[in-house]
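**Student:** Have a look at this one.
What follows is calculated from the coordinates using simple rules that are stated; it is not laboratory data. Since we're looking at a predicted model, the values are computed, not measured. Glycine also receives a Cβ, built like all others from the backbone with ideal geometry; neighbour counts cover every protein chain displayed.
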Amino acid sequence: MSGTTNDELPRGTPLMTVHGRRRGHVENLLGAGGQGAVYAVAIEGTRFALKWYHDDIASIDRTLRARLSRAIGIGPPTDRFLWPIDLVEIAGSKSFGYVMPLRDGDYNGMRDLIARPPKRIDLPLSKRVMVCLRIAQNFLELHARGFCYQDINFGNIFFHTQSGDILICDNDNVDIDGMDAAVFGTRKFMAPEVVRRETLPSTKTDLFSMAVLFFYIIHSWHPLDGRRENEVQIMDSSAETSLYGRNPVFIFDPQDQSNGPVPGVHDAIVARWNSLTPAIRSLFTRSFTVGLRQPGERVLEPEWRTNFARMVDGCVSCQHCGYDQAPRQGVKGQTLMPTVCVACGRPMALPPVLLIGRDTITLGPGIGIAIHHIDPDRPVDFTTMAGIVEEHPTNKGVWGLRNMTRNAWKVTLSDGSAVTVDPGRAVRIMDETTVDFGRRVGRFVTGDTASVPRERPR
Amino acid sequence: MAIDLPNLGQTALVRRQLQVVLALDCSGSMTGDKIASLNYAMRAAIPEMRAAAADNPETDLMVRVLRFASGAQWHVPDPTLVDDLEWTDLAAGGETHMGEALCAIADILNPEYMPGRQLPPVIVLVSDGQPSDDFDMGMKRLLAAPYGQRALRVAVAIGGDADIEILERFIAHPDFKPLRANNAQDLVNRIKWATTVPVKSVSQSTNAPDPLTVLARDAERQKKTASDVIW
Ligand SMILES: [Zn+2]
């Protein structure tokens, strides 16, 4: 309701930070919500964002100030959280606020993935999965510190379309897990037991909301919206309480098809679901079957992280229709199954891949092999590369994987002969060649596509 | 050999709609600065409505506008996506046929005129006076319409002559009262509020058990800051 309240802070209003006793002033209004408004402010020459609460919020939300002070004292779990830096007061005002870093303008809201076309951002599958992975990594850090976020929804997490990186805003509801929560949450993101008002938000309800957000990011759709939602003419509060609280059923519940996809209506959702790895589908199924009823059984961040990380590098697009999907691994991950496209049904020519354990990495010009793929002790990190796919400097059309580590790789060719690839050297990508990276062993599978990599959807 | 590609674009998915119906008093007493202010307020409210709609990305916000004076006529007859809504100014003159306006709205509060998946419709009634026709009959028709009882009803009273009691009966909620606009600035703010906050109430974080309580609380906040300047 920007502009509708007369308590808007005028430009130039002087302000003071509570702990640091630093002076600044209000620059301009950035946005407004139910609890207050966000302004750009300058404090001793540096620009920050100021969240300034409505006068009555402190009396409605009695733990707000203490909660913010504690968060400020402890500091952000990672630099992806736009975390409160200091409380702010303004002379002559009964209210208060806090300053936080300004959000970089290059980030988009999650709503852009769901918006009505043509406003919708159509992100490639691998990038969507990367966004989910980043969210899992960052909420792991928050939850591991004993905090819960309480109100995960598509309004408070932002993503970068190129890097897949994220920013987490609105951290003023963050509290110690187990304290009485300040909000119930946001429509369609609340766990069923919160919708039924049986409990307040906690780490366990965060896990549910996070799974909903993952499903939204990948499918641009809600996991509990199937046949039953499609039949609700007027979505009033009693219909909502039934669908998301009293009688929730996953659209892909393998046992209960009462809320399953409707042919001709949900086809796009079904195709997207079929394009995911079995591991990710199984995590969603757990989240929205047993996880609906037993909060203790919800999927924790490390499991999401591991399986999203496996999927990020393994997406391919159909050469006929362009639809992004994860190729199927064979028994024990030793081969790739012949794949038909989940969208158009035609057989797909798979690009060359490197199989390492259960990780599938599709290979293309300039593609890097992240270090965590070859060293299980390394954290998931897509910035440090162990190898990179390069063309032979003189023999065009011959592609290899360059060793960017400090250790030699032991390579066994398909005829059984062994060679060593020293740091800085490259090994040709050929079918049935195995590479011992030291901690893990990988295998090139090029199928019938010869060894010419294609561009991977990025 | 061509193979038919399935249409997997999400454009194929029909989206749930939120229908907003604005019923605006254009009677003779609105002539002059009041109707000019109302037209200005509507122009100012449209970008805010678009922003509120963007906050709720799964839903399409559709707007119709009804003017009432001597009789009631649709000013924007077809439900129009808020992004496509362009305002053409209303003119004032005539009586205050509020009852007839409610009947006209009653006629569209059904699945035929609001087809497919819907959120509860929002009706915003804006008036500066007393109905000169049968309000009760209109109200009865409205509540008897298939989607009538489920519509979220909001009212804005312009100036000191507005019939608050009638507008309270239109809203019919113990805690949620008509918003009062006593000057042009108030009117801009109230129209913005009435056209955006009900929309936001379906997508916002909330402590309240139902959207109307959220509205009531926010309306209370409005009242405190309302100007006392009489028109
Ligand atoms: Zn295809």
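**Student:** Once amide H atoms are built 1.01 Å from N in the peptide plane, which residues 5 or more positions from A:I388, or in another chain, come under 5 Å H to H?
**Tutor:** Placed amide hydrogens put A:I369, A:R402, A:M404 under 5 Å from A:I388.
**Student:** Which pairs break 22 Å Cα to Cα here: A:K51/A:K94; A:K119/B:K200; A:K127/A:K204; A:K127/A:K188; A:K188/B:K200?
**Tutor:** A:K127/A:K204; A:K127/A:K188
**Student:** In chain A, if the dipole is taken from +1 on Lys/Arg beta carbons and -1 on Asp/Glu beta carbons about the Cα centre, which of A:A58, A:P77, A:L355 is farthest to the positive end?
**Tutor:** The listed residue farthest towards the positive side: A:L355.
**Student:** Ranked by Cβ crowding within 10 angstrom, fewest neighbours first, how are B:E165, A:E391 ordered?
**Tutor:** B:E165, A:E391
**Student:** Inside 10 Å of the C-beta atoms of A:186-195, what's the mean count of C-beta atoms belonging to other chains?
**Tutor:** 2
**Student:** Counting pairwise Cα distances across the stretch B:77-140, what percent come out greater than 18 angstrom?
**Tutor:** When every Cα pair of the stretch B:77-140 is considered, 51 percent fall beyond 18 Å.
**Student:** Counting alpha carbon pairs within less than 8 Å and at least 6 residues apart, what relative contact order, in whole percent, applies to the stretch A:107-308?
**Tutor:** After rounding, I find 21 percent.
**Student:** Right, next: Test of understanding: ordering B:E58, A:E8, A:E432 by Cβ neighbours within 10 Å, fewest first, what list do you get?
**Tutor:** In increasing order of surrounding Cβ atoms, one gets A:E432, A:E8, B:E58.
**Student:** Using each residue's phi in the stretch A:419-430, evaluate 6.51 cos²θ - 1.76 cosθ + 1.60 at θ = phi - 60° and report the 3J(HN,Hα) Karplus result to the nearest Hz, with x for Gly and Pro.
**Tutor:** My calculation for the stretch A:419-430 gives 9, 10, 10, 6, x, x, 8, 10, 10, 5, 7, 10 Hz in order.
**Student:** Among A:F81, A:F252, what is the fewest-to-most ranking by other Cβ atoms within 10 Å? Could you put the intermediate results ahead of the total?
**Tutor:** On the way: A:F81 25, A:F252 22.
Ranking A:F81, A:F252 by Cβ neighbours within 10 Å, fewest first, gives A:F252, A:F81.
**Student:** Hey, another quick one. Which one of A:S317, A:Y107, A:S209 is farthest out on the positive end of the charge dipole of the protein assembly as shown, using unit charges on Cβ (Lys, Arg +1; Asp, Glu -1) and the Cα centre as origin?
**Tutor:** A:S317
**Student:** Sticking with this one: Where nothing but the Cβ of Lys and Arg (+1) and of Asp and Glu (-1) is charged, how large is the charge dipole of the protein assembly as shown around its Cα centre, in debye to the nearest 20?
**Tutor:** Computed charge dipole of the protein assembly as shown: roughly 2020 debye.
**Student:** Same structure, new question: Send over the per residue convex hull volume for chain A, Cα only, as a whole number of Å³.
**Tutor:** Roughly 177 Å³ of hull volume per residue.
**Student:** Also: With a cut-off of 8 Å between alpha carbons and a minimum separation of six or more residues, what is the relative contact order of the stretch A:14-100 in percent?
**Tutor:** So the answer I get is 28 percent.
**Student:** Oh, and also: Please flag any cysteine in chain A that has no other cysteine's Cβ under 4.7 angstrom from its own Cβ.
**Tutor:** Taking the Cβ cut-off of 4.7 Å, the unpaired cysteines of chain A are A:C132, A:C148, A:C169, A:C315.
**Student:** Name the aspartates and glutamates eligible as straight-distance cross-link partners of A:K396: C-alpha to C-alpha under 20 Å, and not fewer than 8 places from it in the same chain.
**Tutor:** In chain and number order, the partners are A:D431, A:D448, A:E455.
**Student:** While we're on this one: Determine the shielding of peptide B:48-58 by partner chains: average, over its residues, the number of Cβ atoms on other chains within 10 angstrom of each Cβ.
**Tutor:** Taking the mean over all residues of the peptide, I get 5.
**Student:** While we're looking at this one, here's another question. Can you tell me the dipole magnitude for the stretch B:15-223 around its Cα centre, using point charges on the Cβ only (Lys, Arg +1; Asp, Glu -1), in Debye to the nearest 20?
**Tutor:** Its charge dipole is roughly 580 debye.
**Student:** Next question. Only Lys, Arg, Asp and Glu count, each charged at its Cβ (+1, +1, -1, -1), so figure out the dipole size of the stretch A:300-365 about its Cα centre, rounded to 20 debye.
**Tutor:** That gives a dipole near 220 debye.
**Student:** In Å and on Cα atoms, what radius of gyration and Dmax does the stretch B:15-223 show?
**Tutor:** Calculated on Cα positions, Rg and Dmax stand at 15.5, 44 Å.
**Student:** When only C-alpha pairs under 8 Å and at least 6 residues apart count, what is the relative contact order of the stretch A:92-161, in percent?
**Tutor:** 49 percent
**Student:** What nm distance separates the two modelled labels at A:R293 and A:R196, each placed 7 Å from Cα along Cα→Cβ?
**Tutor:** If labels sit at A:R293 and A:R196, their model points lie 1.0 nm apart.
**Student:** By average Cβ neighbour count within 10 Å, what is the ranking of A:392-399, A:191-198, B:130-137 from highest down?
**Tutor:** Highest-to-lowest ranking by the protection proxy: A:191-198, B:130-137, A:392-399.
**Student:** In nm², what is the average projected area of the convex hull enclosing the Cα atoms of the stretch A:14-100?
**Tutor:** 5.7 nm²
**Student:** Determine ³J(HN,Hα), in whole Hz, for all residues of the stretch B:72-78 in sequence, where each value follows from phi through the Karplus function 6.51 cos²θ - 1.76 cosθ + 1.60 and θ = phi - 60°; x replaces Gly and Pro.
**Tutor:** Rounded to whole hertz, the list is 10, 10, 6, 8, 10, x, 8.
**Student:** Of A:T13, B:G148, A:Q137, which is farthest towards the positive pole of the protein assembly as shown's charge dipole, taken about the Cα centre with +1 and -1 on the beta-carbons of Lys, Arg and Asp, Glu respectively?
**Tutor:** Sorting the options by dipole projection puts first A:Q137.
**Student:** What is the sum of charges, Lys and Arg at +1 and Asp and Glu at -1, for the other residues whose Cβ falls under 12 Å from the Cβ of A:F154?
**Tutor:** Numbers: positive: A:R111, A:R187, A:K188; negative: A:D112, A:D151, A:D170, B:D55, B:E58.
Residues close to A:F154 contribute a combined charge of -2.
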